[in-house]
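Q: Submitted below is the structure of interest, expressed as C-alpha cells.
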Amino acid sequence: MQADELRVKKQGGIVWMALALMVQTRLWLGGEVSAPRDLPLIRRLIERVRRGAAPRPLLICTDGLCASIRAIRETFRDPVRTGQGGRPRLRPWRNVLIAQVVKRDERRRVVDTERRIVDGTPARVETLRRRSPGDGVINTASIERLNATFRERLAPLARRCRALARETLTLHEGMFVVGTVSNFCTPHTSLHAGPKTTPAMAAGITDHGWTMQELLSFHVPLPRWAPPKQRGRPSRAFQRLMERWCS
C-alpha cells in the first residue's frame, strides 16, 4: 500500500487531501480532506485502510511525514481480550512493515531521494516489494500517478487554475466520484490481467468494467441506524422505534 497527500488551494485557504492506494491492483482505498496536515488526518485515512485490510503481511510506503508512522502503528492493533475488567491491552499486527520515501526539493525540483525502512528488516521489505511493480527500489510512484489522475479530473486540484473550490465538502465529494470512477470504470493497462481490466476487477470486487450510468445509478444501502445514548429508561414509543429499526 502507498499513501500520499495533495496540497489543494481553495477559496480562503489551503486544504490537504490524503489518499491511499493498493499497488498490486491499483485500487484506490479511500481518502480524507482536512485543513491541517496533521495526525488526525492521517489517522482517519489509515483507519479506512484498516477496515478493509486482512491480517496478512503488509508493506506501507509513505512520504516523510512523521505523523504517518505514528498513525500506522496506533491503528493496526487489536485488543487482547482476557476476561478481566478495564481497558484491554492492544497488540500490534504482525508483519506490518513501514517504509518512507523522503524527497528533497530545490527550486521546485527533486534533487535527492532518501529511502528509509522504519519497521521491518530489508529482507522482508524486499520480499513484499517484489510483489508490486516498480524499478527495484522502495517507491511511491503508483500513488503519485494516482495524484496526477485526480489533478487531471478534478478541476480545483489543478495547479495554477482559477477553478477554486468554495467548500471543503465539494473537494470531499468530488474526490469520491473520481476515485470510484478510477476503480470501477477506468481500465489500467499496467494490470497484468488484461488491457481492459479495472482495479475493481483485479481486486475481485466485480467481474466487468462499469459504465458511468451503471455507477451513478447503483443503489447504496443506508447505514444501520444506531439509537442515541440517553440516561434513564427509554419510553415505549422509543422502544417500538428501536424494535423496528434495530431488530
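The values are calculated or read from the model by the stated rules, or taken from the named source; none is laboratory data. A quick note: this is a predicted structure, and the numbers were derived from the prediction, not measured. Backbone-built Cβ (ideal geometry, glycine too); neighbour counts: all protein chains shown.
Q: Restricting attention to segment 177-225, and to residues there that are at pLDDT below 90 and among the β-branched types (Val, Ile, Thr), which single residue is surrounded by the fewest Cβ atoms within 10 Å (Cβ to Cβ)?
A: Per the criteria, the residue is Val220.
Q: Okay, moving on. Just to be sure before I move on: is Phe176 in contact (Cβ under 8 Å) with a residue 60 or more places away in the chain, in contact with a helix residue (DSSP H, G or I) (Cβ under 6 Å, 6 or more places away or on another chain) and either part of a loop (DSSP other than H, G, I, E, B) or not charged (D, E, K, R) (or both) in the structure I sent?
A: no
Q: Then there's this: Does segment 226-247 hold any residues that are within 30 Å of Phe176 (Cα to Cα) and either under 25 Å from the mean Cα position of the chain (by Cα) or surrounded by fewer than 10 Cβ atoms within 10 Å (Cβ to Cβ) (or both), and which are they?
A: So the first thing to find is which residues in segment 226-247 are within 30 Å of Phe176 (Cα to Cα), and the list is 226-228, 245-246.
Residues satisfying the conditions are Ala226, Pro228.
Q: Can you tell me which of (1) in contact (Cβ under 8 Å) with a residue 40 or more places away in the chain; (2) buried (at least 22 other Cβ atoms within 10 Å of the Cβ) is the one Leu58 doesn't meet?
A: (2)
Q: Tell me whether segment 122-132 contains one or more residues that are at pLDDT below 85, within 21 Å of Leu29 (Cα to Cα) and among the polar types (S, T, N, Q).
A: yes
Q: Of the residues in segment 207-229, how many are assigned to a helix (DSSP H, G or I) and of a type outside the set (Asp, Glu)?
A: Of the residues in that region, 4 qualify.
Q: Scan segment 43-68 for residues that are assigned to a helix (DSSP H, G or I) and among the basic types (Lys, Arg) and jot them down.
A: Passing the criteria: Arg43, Arg44, Arg48, Arg50, Arg51.
Q: Report yes if Arg48 is within 18 Å of the chain's Cα centre (by Cα), surrounded by 14 or more Cβ atoms within 10 Å (Cβ to Cβ), within 21 Å of His172 (Cα to Cα) and not polar (S, T, N, Q), otherwise no. Walk me through it before giving the result.
A: On the way: within 18 Å of the chain's Cα centre (by Cα): yes; surrounded by 14 or more Cβ atoms within 10 Å (Cβ to Cβ): yes; within 21 Å of His172 (Cα to Cα): yes; not polar (S, T, N, Q): yes.
Yes; evaluated as a whole, the condition is true for this residue.
Q: What about Val110, is it under 20 Å from the mean Cα position of the chain (by Cα), surrounded by fewer than 14 Cβ atoms within 10 Å (Cβ to Cβ), part of a strand (DSSP E or B) and not acidic (Asp, Glu)?
A: The answer is no for Val110.
Q: For segment 113-128, how many residues are more than 15 Å from Cys66 (Cα to Cα) and assigned to a strand (DSSP E or B)?
A: Residues flagged as more than 15 Å from Cys66 (Cα to Cα) and assigned to a strand (DSSP E or B) within segment 113-128 amount to 1.
Q: Answer yes or no: is there a residue in segment 69-76 that is of a type in the set (Gly, Ala, Ser), within 22 Å of Ile42 (Cβ to Cβ) and in a helix (DSSP H, G or I).
A: Checking segment 69-76: at least one residue is of a type in the set (Gly, Ala, Ser), within 22 Å of Ile42 (Cβ to Cβ) and in a helix (DSSP H, G or I).
Q: Restricting attention to segment 1-42, and to residues there that are under 10 Å from the mean Cα position of the chain (by Cα) and not in a strand (DSSP E or B), which single residue is surrounded by the fewest Cβ atoms within 10 Å (Cβ to Cβ)?
A: So the residue we want is Met1.
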